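**Student:** This is the structure I want to talk about, given as structure tokens.
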Amino acid sequence: MADRPTPVLELRDVDVTFVKPLGFLKPPLQIRALQGIALQVHPGEVLAVVGESGGGKTTLGNVVTGILKPTAGQVLFEGRDIASLDRKEQRAFRRQVQIVQQDAYAALNPMHTVAYSLATPMLRLGLVSSKAEARQRVIQTLELVELRPAGQYLDKYPHQLSGGQRQRILLGRAVSLAPKLIVADEPVSMIDVSLRVSALNLMRRLNRELNLSFVYVTHDLSTARYIGRDGRILVLYLGKVVETGDLPAVIGHPRHPYLQALLSSVPLPDPDLSRHRRKLNLKDVDMPSLVDPPPGCRFHTRCPFAAPLCRESEPALRQVGTSEVACHLAEQIPAWSLA
């Protein structure tokens, strides 16, 4: 069997620690936002990163894009540590790894038109040789992200667009720079529910037609399941990976009780299925603080299956079936299904 190509992006044992000063003569507060994160994203692959707010998802996305430098560990782009890149190579890396933010209105300059917002990065990076060529590329990009006819959007400002249109402009701006990887951070959470499927379908089409890799960051398992149905999933809890693997297998047969709890809150359209689905009642609805995480397994304060071992020893990520799971009791926990 042929070897897989070099990953577009790889994280090796990445930690991120934030230091918060507390005042004169007081030791600073250290917040370990990410610990021991290892992942790979291959060409054309979709990796869904899921978890509750405060679990480290956005921090991970910022590490992937180079916005944040890890406190420890390595970030490799096409096999090279980005910390070792020279200025020209760093510039190329930042072009090839783009981010699509949650708040499209805040991400677009309200003083600039759509044409200016899309053309300027291409001109500055030398991807086009003239303003006329840039304008043509902008039109092609707007067509690509299904804003038609493109001409009617060129001279509009962000406030003149709907939330869904602004999100497509952001996606178009990222795609126009010919990236190899896009980090989509909660990209559909601020647009109307009726428009979310069309936005997700657009990302799936760009993934397929352009062989674009996506890191899709979300708290919404329904959208993660939709866009990543042929990809992989990584579940974060308090800055650590608790389960990862091929998305259909992980979602179909979740091993970690945290993922089971997340899935049990996903509404089902069939009332009969919903009625008979086993509910997972957590011992505590509130997630502990990253400032002072629980000892042992970080989930044991909420886990309905926790044993003394869970309070005493932190579980390592290990292979259980087709998934990697950080749970001492993964083989003993009752089977669970989304349906």
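The values are calculated or read from the model by the stated rules, or taken from the named source; none is laboratory data. Note that this is a predicted model, so its numbers are computed, not measured. As a convention, Cβ positions derive from the backbone with ideal geometry for all residues, glycine included, and neighbour counts pool all protein chains shown.
**Student:** Return the residue satisfying two criteria in turn: it lies in the range 197-234 and is closer than 25 Å to D15 by Cβ and polar (S, T, N, Q), and of such residues it is modelled with the lowest pLDDT.
**Tutor:** Here the answer is T218.
**Student:** Also, I was wondering about something else. Search the range 161-170 for residues being part of a helix (DSSP H, G or I) and not hydrophobic (A, V, I, L, M, F, W, C), and hand back the single one that is surrounded by the most Cβ atoms within 10 Å (Cβ to Cβ). Before you say what the answer is, go through the steps one by one.
**Tutor:** Initially, the range 161-170 is screened for residues part of a helix (DSSP H, G or I), giving 163-170.
Next, from what is left, pick out any that are not hydrophobic (A, V, I, L, M, F, W, C): 163-168.
Numbers: G163: 16, G164: 20, Q165: 20, R166: 22, Q167: 28, R168: 26.
The qualifying residue surrounded by the most Cβ atoms within 10 Å (Cβ to Cβ) is Q167.
**Student:** Which numbered condition in (1) closer than 14 Å to V114 by Cβ; (2) in contact with a strand residue (DSSP E or B) (Cβ under 9 Å, 6 or more places away or on another chain); (3) without any contact (Cβ under 8 Å) to a residue 40 or more places away in the chain is the only one that M203 fails?
**Tutor:** The one condition M203 does not meet is (1).
**Student:** Among the helices (runs of 4 or more DSSP H) contained in the range 235-285, which hold 1 or more residues that are modelled with pLDDT of 85 or more, over 18 Å from P315 (Cβ atoms) and out of contact with any Gly (no Cβ under 9 Å at 6 or more places or on another chain)?
**Tutor:** Ranges flagged: 247-252, 257-264.
**Student:** Checking the condition more than 27 Å from the chain's Cα centre (by Cα) and aromatic (F, W, Y), which residue from Y105, Y116 passes?
**Tutor:** Y116
**Student:** When residues of the range 303-321 are filtered for being closer than 20 Å to V250 by Cβ and charged (D, E, K, R), how many remain?
**Tutor:** Number of matching residues: 1.
**Student:** Identify the residue in the range 171-196 that is in a helix (DSSP H, G or I) and modelled with pLDDT under 90 and, among all such residues, is nearest to the chain's Cα centre (by Cα). Steps first, answer last, please.
**Tutor:** So the first thing to find is which residues in the range 171-196 are in a helix (DSSP H, G or I), and the list is 171-175, 193-196.
Add one more test, that the residue is modelled with pLDDT under 90, and what stays is 193-196.
Values: V193: 19, S194: 22, L195: 20, R196: 16 Å.
Residue satisfying both the conditions and the ranking: R196.
**Student:** State all residues of the range 215-240 that are closer than 21 Å to Q101 by Cβ, of a type outside the set (A, V, I, L, M, F, W, C) and buried (at least 24 other Cβ atoms within 10 Å of the Cβ); if no residue qualifies, say none.
**Tutor:** Y216, G228
**Student:** How do the pairs read when you match residues in the range 309-321 that are basic (K, R) with residues anywhere that are surrounded by 13 or more Cβ atoms within 10 Å (Cβ to Cβ) and not in a helix (DSSP H, G or I), using Cβ under 6 Å and keeping only pairs 6 or more apart or on different chains?
**Tutor:** Taking only residues 6 or more apart or on different chains, the pairs are R311/G296; R311/H300.
**Student:** Step by step: first the residues of the range 31-88, then only those that are in contact with a His (Cβ under 8 Å, 6 or more places away or on another chain) and of a type in the set (D, E, K, R), then the one that is surrounded by the most Cβ atoms within 10 Å (Cβ to Cβ). Which residue is that?
**Tutor:** If we filter the range 31-88 for residues that are in contact with a His (Cβ under 8 Å, 6 or more places away or on another chain), which is where we start, we get 50-53, 57.
From what is left, the residues that are of a type in the set (D, E, K, R) are 52, 57.
Numbers: E52: 15, K57: 23.
The extreme case among them is K57.
**Student:** Would you tally the residues in the range 292-339 being under 15 Å from L238 (Cβ atoms), crowded, with 18+ Cβ neighbours inside 10 Å and charged (D, E, K, R)?
**Tutor:** 2
**Student:** Which residue out of P187, P158, P149, P179 is buried (at least 24 other Cβ atoms within 10 Å of the Cβ), closer than 23 Å to A119 by Cα and of a type outside the set (A, V, I, L, M, F, W, C)?
**Tutor:** On the way: P158 fails: buried (at least 24 other Cβ atoms within 10 Å of the Cβ); P149 fails: buried (at least 24 other Cβ atoms within 10 Å of the Cβ); P179 fails: buried (at least 24 other Cβ atoms within 10 Å of the Cβ).
Going through P187, P158, P149, P179 in turn, the sole match is P187.
**Student:** Another one. Which one is surrounded by the fewest Cβ atoms within 10 Å (Cβ to Cβ), of the residues in the range 105-120 that are modelled with pLDDT under 95 and within 21 Å of A178 (Cβ to Cβ)?
**Tutor:** Ranking the candidates gives A107 first.
**Student:** Given T71, T113, T65, which one is within 30 Å of F299 (Cα to Cα) and touching an Asp or Glu at 6+ places or on another chain (Cβ under 8 Å)?
**Tutor:** Values: T113 fails: within 30 Å of F299 (Cα to Cα); T65 fails: touching an Asp or Glu at 6+ places or on another chain (Cβ under 8 Å).
Just a single option satisfies the conditions, and that option is T71.
**Student:** Could you count how many residues in the range 45-59 are modelled with pLDDT of 95 or more and in a loop (DSSP other than H, G, I, E, B)?
**Tutor:** Result for the range 45-59: 1.
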